[in-house]
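> This is the structure, below, for whatever I ask next.
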Amino acid sequence: MTAANMFLDAAAEAGYYALFGRSSGPQIRGGEAAALVRLGVEPVTSVDDTFDIMLAIDWQGVQRFAAELPLSANSIVICDPSAGEVPEVYVKTGARIVHLHMKDLAKEIPGGRPNMVALGAIAELIGIPVGPLTEVLGKSLKKKRADAYEASVAGVKAGAAAAATLGGSKRLAAAQAKDAKRWTVTGNYGAGLGAIRGGVRFCAAYPITPATEVLEYLSSALPKVGGVFVQAEDELASINMCLGASYGGEASITATAGPGLSLMTEGLGLAVASETPVVVVDVQRVGPSTGIATKCEQSDLNIAVYGLHGDAPHLVVAPNSVGDCIFTTQWGVYLAESLQTACLVMSDQALGQSRAIIDAPADVAFVGKRLQAEAPAEGEVFKRYANTASGISPMPVPGQDGCQYTSDGLEHTETGTPSSQSSDHTLQLEKRQRKLTGFEYGNHWATIEGEGDIAVITWGSCTGAAREAIERARADGVKAKLISLRLISPIRPQHMADALKGVKKILVVEQSHLGQFTRYLRGEYDLPAKPEALSRPGPLPMRPGEIHARLLSMGK
């Protein structure tokens, strides 16, 4: 992982785009690990069908994730002969196997490490100059330990020199001149940045894989902007601390994964009933229960949309790329604050823990502003839950003159007084629903690209693979359009109808065993055709080739 992070930074310096995902086991410390990197001269938002090069420093635990590392006869396997025989699963692929004595080369260098030799070898094979690599090493190591820097540079050069004799290089196309600043960012750090940009100044959360990096970012970033971060004792405390801070006037957020979201559902219901804004970033992982904590799946959709007891309309949004985690989280904060409700930001492990080289995102002006309350005229009673035309009621801060009211989870009158009357319950239900369905979300509800009589509807991390598959299909004469939903709930029936004009066939792509997204679309939208479903569970990612093949069969 260390070598891969340095490699990504060097690729950025050299002018390339990249996506770096990681595969690891469920162990807290140690165990198997693989860094999965794809580079290109254009933005990269998806894994590919196979890997061109696999470099194995050792074969420790490789059988546990062999299915995640597909090779072909055109691939190269570079391995250290001292690590033992190449596993049969890779021999069967027909990939060319070459030996590189990484450990022996490292031993020849005082303080040398095999991973630095491997780093130099990969750079040589694909054409990344040693210059950017040594520059990255200098930034990472020079200030800490000069001897470690010198040993690492020597290891990189030794690896590059050895790889030059191997033959069969997989050279990248020449990088284009950088016409804009580029960032390297993970989806989780992006979500944290989006929260800050959206005005969040309080976070309470409990660490959980794969969402912990959101908390790591916010724990250092919030104090810099006058905010507060609290590591709570559990997810129940987290959501309730956030509700308390939000009730006090501060935009608040927490981050979790599926097991933590389950614990937060009662608190989310309180946010809906009391109309208190709060944002929860759910970085989805394989479930149910503890499942596979370090792998990706999109199977929290049902609980996100339908998991609150009672009729509890709330917001569910989803980023569709690593970079989009910044915008969508910021938008989620804006929506929660503007509509005074709970917003779930449905990221996933493949977005949250992947690191990408992206063009620097624009700093958009989405900062949530609550409808501020004013003291009523003399003799009038303050109505916290006034039945306004928009459904959005003025919200005071505690202690505001003339704006006292009761706030809890009980159903209530317009003034906040608890009520068990049918008329009050119906009025508040309709008001809470109306403010969501009547809001103007603009074009951000979905990413829509291309034209054709086939529509690929998807969401989250499947978007990149779907986009690439559509491009391949277009080259084969099959035209399709991409619809990647960013606003999952509430639904946008007229917007979807407009997006599907002229569409005769629909393919839904998702990472879910039960086809949760397909069922949701069929249940909530009036689709022009019965959709075909390309759905399967994690941990294996959706790849462009399988979507491309399905599109070709649909286009016949």
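> Please verify whether the stretch 58-69 includes one or more residues that are closer than 21 Å to residue 542 by Cα, among the acidic types (Asp, Glu) and not in a helix (DSSP H, G or I). Don't jump to the end; show me each part of the working.
Step one: filter the stretch 58-69 for residues closer than 21 Å to residue 542 by Cα, giving 62-69.
Filter once more, so that each one left must be among the acidic types (Asp, Glu): 68.
Within this subset, residues satisfying the condition of being not in a helix (DSSP H, G or I) are none.
So far as the stretch 58-69 goes, no, none of its residues is closer than 21 Å to residue 542 by Cα, among the acidic types (Asp, Glu) and not in a helix (DSSP H, G or I).
> Has the stretch 405-416 got any residue that is at pLDDT below 95 and loosely packed, with under 12 Cβ neighbours inside 10 Å?
yes
> Next up: Just checking, does the stretch 44-60 include any residue being in the same structural domain as residue 124 (by TED's automatic domain parsing), polar (S, T, N, Q) and under 22 Å from residue 159 (Cα atoms)?
Start the filter on the stretch 44-60 by keeping residues that are in the same structural domain as residue 124 (by TED's automatic domain parsing), which leaves 44-60.
Checking the rest, the ones that are also polar (S, T, N, Q) come to 45-46, 50, 60.
Checking which are under 22 Å from residue 159 (Cα atoms) leaves us with 60.
Scanning the stretch 44-60 turns up at least one residue that is in the same structural domain as residue 124 (by TED's automatic domain parsing), polar (S, T, N, Q) and under 22 Å from residue 159 (Cα atoms).
> Then there is this: Exactly one condition in (1) touching an Asp or Glu at 6+ places or on another chain (Cβ under 6 Å); (2) closer than 15 Å to residue 346 by Cα; (3) of a type outside the set (A, V, I, L, M, F, W, C); (4) surrounded by 24 or more Cβ atoms within 10 Å (Cβ to Cβ) is false for residue 260; which is it?
(4)
> Scan (1) of a type outside the set (D, E, K, R); (2) surrounded by 18 or more Cβ atoms within 10 Å (Cβ to Cβ); (3) on the phi > 0 side of the Ramachandran plot; (4) modelled with pLDDT under 95 for the single condition residue 199 breaks and write down its number.
Here residue 199 meets the rest and fails (4).
> How about the stretch 277-294: which of its residues are in contact with a strand residue (DSSP E or B) (Cβ under 8 Å, 6 or more places away or on another chain) and either among the β-branched types (Val, Ile, Thr) or over 11 Å from residue 257 (Cβ atoms) (or both)?
The answer is 277, 278, 279, 280, 281, 283, 286, 292, 294.
> For the stretch 301-326, what are the residues that are closer than 20 Å to residue 539 by Cβ and either of a type in the set (Val, Ile, Thr) or surrounded by fewer than 24 Cβ atoms within 10 Å (Cβ to Cβ) (or both)?
302, 303, 322
> When you look at residue 111, is it modelled with pLDDT under 90, surrounded by fewer than 17 Cβ atoms within 10 Å (Cβ to Cβ), more than 23 Å from residue 354 (Cα to Cα) and of a type outside the set (A, V, I, L, M, F, W, C), yes or no?
Values: modelled with pLDDT under 90: no; surrounded by fewer than 17 Cβ atoms within 10 Å (Cβ to Cβ): yes; more than 23 Å from residue 354 (Cα to Cα): yes; of a type outside the set (A, V, I, L, M, F, W, C): yes.
The answer is no for residue 111.
> Same structure again: Residue check: is residue 214 in a helix (DSSP H, G or I), touching a Gly at 6+ places or on another chain (Cβ under 6 Å) and either modelled with pLDDT under 95 or farther than 30 Å from residue 400 by Cβ (or both)?
Values: in a helix (DSSP H, G or I): yes; touching a Gly at 6+ places or on another chain (Cβ under 6 Å): yes; either modelled with pLDDT under 95 or farther than 30 Å from residue 400 by Cβ (or both): yes.
Criteria met by residue 214.
> Right, here's the next one. Looking at the stretch 245-256, which of the residues that are small (Gly, Ala, Ser) and crowded, with 24+ Cβ neighbours inside 10 Å is farthest from the chain's Cα centre (by Cα)? Lay out the reasoning, then the answer.
Pass one, the stretch 245-256, residues small (Gly, Ala, Ser): 245-246, 248-249, 251-252, 255.
Right, trim to crowded, with 24+ Cβ neighbours inside 10 Å and you get 246, 251-252, 255.
Numbers: 246: 25, 251: 21, 252: 19, 255: 12 Å.
Top of the filtered list is 246.
> While we're on this one: If residue 97 satisfies all but one of (1) in a helix (DSSP H, G or I); (2) hydrophobic (A, V, I, L, M, F, W, C); (3) touching a strand residue (DSSP E or B) at 6+ places or on another chain (Cβ under 7 Å); (4) farther than 27 Å from residue 150 by Cβ, what's the number of the condition it fails?
(1)
> Name every residue in the stretch 205-242 that is aliphatic (A, V, I, L, M) and surrounded by fewer than 23 Cβ atoms within 10 Å (Cβ to Cβ), in order of residue number. Spell out the reasoning first.
Going residue by residue through the stretch 205-242, those that are aliphatic (A, V, I, L, M) are 205, 208, 211, 214-215, 218, 221-222, 225, 228, 230, 232, 236-237, 239, 241.
Passing the criteria: 208, 221, 222, 225, 228, 230, 232, 236, 237, 241.
> To continue, here is another question. Is there any pair linking a residue in the stretch 192-210 that is within 17 Å of residue 248 (Cα to Cα) and in the same structural domain as residue 226 (by TED's automatic domain parsing) to one that is surrounded by fewer than 24 Cβ atoms within 10 Å (Cβ to Cβ) and of a type in the set (Asp, Glu), with Cβ under 6 Å and at least six apart or on different chains, and which?
Note: pairs meeting the criteria are 201/250; 202/250.
> Go over the candidates 319, 259, 277, 313 one by one and state the one that is within 15 Å of the chain's Cα centre (by Cα) and assigned by TED's automatic domain parsing to the domain that holds residue 226.
Values: 259 fails: within 15 Å of the chain's Cα centre (by Cα); 277 fails: within 15 Å of the chain's Cα centre (by Cα); 313 fails: within 15 Å of the chain's Cα centre (by Cα).
Criteria check complete, one pass: 319.
> Report yes if residue 182 is surrounded by fewer than 24 Cβ atoms within 10 Å (Cβ to Cβ), in contact with a helix residue (DSSP H, G or I) (Cβ under 7 Å, 6 or more places away or on another chain) and modelled with pLDDT under 95, otherwise no.
Considered against the rule, which asks whether it is surrounded by fewer than 24 Cβ atoms within 10 Å (Cβ to Cβ), in contact with a helix residue (DSSP H, G or I) (Cβ under 7 Å, 6 or more places away or on another chain) and modelled with pLDDT under 95, residue 182 comes out as yes.
> In addition: All but one of (1) under 23 Å from residue 102 (Cα atoms); (2) buried (at least 21 other Cβ atoms within 10 Å of the Cβ); (3) in contact (Cβ under 8 Å) with a residue 60 or more places away in the chain hold for residue 54, so report the exception by its number.
Failed condition: (3).
> How many residues, within the stretch 151-176, are surrounded by 17 or more Cβ atoms within 10 Å (Cβ to Cβ) and either within 20 Å of residue 105 (Cβ to Cβ) or hydroxyl-bearing (Ser, Thr, Tyr) (or both)?
Residues flagged as surrounded by 17 or more Cβ atoms within 10 Å (Cβ to Cβ) and either within 20 Å of residue 105 (Cβ to Cβ) or hydroxyl-bearing (Ser, Thr, Tyr) (or both) within the stretch 151-176 amount to 12.
> Within the stretch 518-532, identify whether any single residue is surrounded by 21 or more Cβ atoms within 10 Å (Cβ to Cβ), out of contact with any His (no Cβ under 7 Å at 6 or more places or on another chain), hydroxyl-bearing (Ser, Thr, Tyr) and not in a loop (DSSP other than H, G, I, E, B), and answer yes or no.
yes
> Looking at 401, 363, 424, can you tell me which residue is over 17 Å from residue 328 (Cβ atoms) and in a loop (DSSP other than H, G, I, E, B)? So that I can check it myself, show each step before the final result.
Numbers: 363 fails: over 17 Å from residue 328 (Cβ atoms); 424 fails: in a loop (DSSP other than H, G, I, E, B).
Result of the check over 401, 363, 424: 401.
The values are calculated or read from the model by the stated rules, or taken from the named source; none is laboratory data. Here the structure is a predicted model, which is why all the values come from computation and not from measurement. Positions of Cβ are generated from backbone atoms using ideal geometry, with glycine treated the same way; all protein chains shown enter the neighbour counts.
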